[in-house]
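Comments concern the structure below.
The values are calculated or read from the model by the stated rules, or taken from the named source; none is laboratory data. Predicted, not measured: the structure shown is a model, and the values here were computed from it. FYI the Cβ positions are ideal-geometry reconstructions off the backbone, even for glycines, and counts take in every protein chain you see.
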Amino acid sequence: MFKPDKQDVATILAALRCYQRDLQAGHPSVNTADIVEIATDGGEVEAMTPKQIDFLCEQINCGAGEHDLVDLLAIALPYVEDAVLSPAFKRGAVKRVAAEIRAAIEAHS
């Protein structure tokens with residue numbers, strides 16, 4: 001299995017960001033046959049939107065898989081719950097978010 005090193009990851013991210021930028025700008029280079037072929041895996045999948053590419057880049061940057069994210073949420077939850085008591089937060093908003101985080105953690109446990 002291919003395990004990219006830092007240089008590989010940096011190059012992949014740069015290429016994704018260039019592709020994303022060209023998509024957003026409507027640059028004709030993204031509609032050439034070879035790029036469309038690669039982006040759609042020969043027509044097997046839809047090409048990603050700029051927003052999907054942004055999310056993918058964030059995932060690659062963070063290196064966090066689903067279980068890592070659940071662990072991070074579990075660590076953060078007590079702090080979010082403590083924020084409910086802070087006058088800086090709109091009443092009920094933090095409580096709702098904390099409940100959503102707790103439900104996500106429980107769904108993946």
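Determine, yes or no, whether CYS57 is surrounded by 14 or more Cβ atoms within 10 Å (Cβ to Cβ) and modelled with pLDDT of 65 or more. The answer is yes for CYS57. Filter the range 35-54 for residues that are surrounded by 13 or more Cβ atoms within 10 Å (Cβ to Cβ) and of a type in the set (Gly, Ala, Ser); which is nearest to VAL9 (Cα to Cα)? Applying the filter and picking the extreme gives ALA39. Out of the range 15-34, which residues are surrounded by 11 or more Cβ atoms within 10 Å (Cβ to Cβ) and within 17 Å of GLN52 (Cα to Cα)? Residues satisfying the conditions are LEU16, ARG17, CYS18, TYR19, GLN20, ARG21, ASP22, LEU23, GLN24, ALA25, VAL30.
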